[in-house]
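Asks: To start, I am sharing the structure in question, which I have written as structure tokens.
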Amino acid sequence: MKKVMVVEDSPVDSEHLSKILRGAGCTVSVASSGDAALDMLQSSRPDLVLMDINMPGTDGFATARKMGRHADMKDIPVVFVTSKDQKADRVFAQMLGAKAYITKPYQDADILALI
């Protein structure tokens, strides 16, 4: 069973992702901001992080950058799930080491393919 962290400030999007993941047998934890995710990652190590980019406070890009600088977090795969669909955003995500980049709206199969 995989442990997946969803980092999403929208309760509707967070619940939808969680439902897909739980349906696939995953254990899901949810953080509503980048800062909350970083705090949770201090004590829990998921197998995968699905992260929005646009969030108040520490956005997804900054959160991924901080994860990359932390020895205990740098090897956790990050997948961005976002409404940002510009080529520059995709390139920046790759530079940060993202394993994938999925734009909203997505299909359940897009998420399931990651796990």
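The values are calculated or read from the model by the stated rules, or taken from the named source; none is laboratory data. If you're wondering where the values come from, they're calculated on a predicted model, not measured in any experiment. Virtual Cβ from ideal backbone geometry, glycine too; neighbours counted across all protein chains shown. We work out accessible area using only protein heavy atoms, side chains counted, and drop any ligands, DNA or RNA first. Shrake-Rupley method; radii C 1.70, N 1.55, O 1.52, S 1.80 Å.
Asks: How about region 67-89: which of its residues are open to solvent by 70 Å² or more (accessible area, probe 1.4 Å) and of a type in the set (S, T, N, Q)?
Replies: 83, 86
Asks: A follow-up question, please. Applying the selection to region 67-89, what residues are small (Gly, Ala, Ser) and assigned to a loop (DSSP other than H, G, I, E, B)?
Replies: Matches in region 67-89: 71, 83.
Asks: Please verify whether residue 32 is buried (at least 18 other Cβ atoms within 10 Å of the Cβ), farther than 18 Å from residue 93 by Cα and either of a type in the set (Gly, Ala, Ser) or modelled with pLDDT under 95 (or both), treating the condition exactly as stated.
Replies: Answer is yes for this residue.
Asks: Let me ask something else about it. Taking residue 115, is it in contact (Cβ under 8 Å) with a residue 60 or more places away in the chain, open to solvent by less than 70 Å² (accessible area, probe 1.4 Å) and assigned to a helix (DSSP H, G or I)?
Replies: For residue 115, the condition - in contact (Cβ under 8 Å) with a residue 60 or more places away in the chain, open to solvent by less than 70 Å² (accessible area, probe 1.4 Å) and assigned to a helix (DSSP H, G or I) - is not met.
Okay, residues lined up against (1) out of contact with any helix residue (DSSP H, G or I) (no Cβ under 9 Å at 6 or more places or on another chain); (2) open to solvent by 60 Å² or more (accessible area, probe 1.4 Å); (3) of a type outside the set (Ser, Thr, Tyr); (4) not in a strand (DSSP E or B):
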residue	(1), (2), (3), (4)
36	yes, no, yes, yes
50	no, no, yes, no
61	no, no, yes, yes
65	yes, yes, yes, yes
91	yes, yes, yes, yes
94	yes, yes, yes, yes
101	no, no, no, no
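Asks: Could you run through region 38-48 and say how many residues are part of a helix (DSSP H, G or I) and of a type outside the set (A, V, I, L, M)?
Replies: 1
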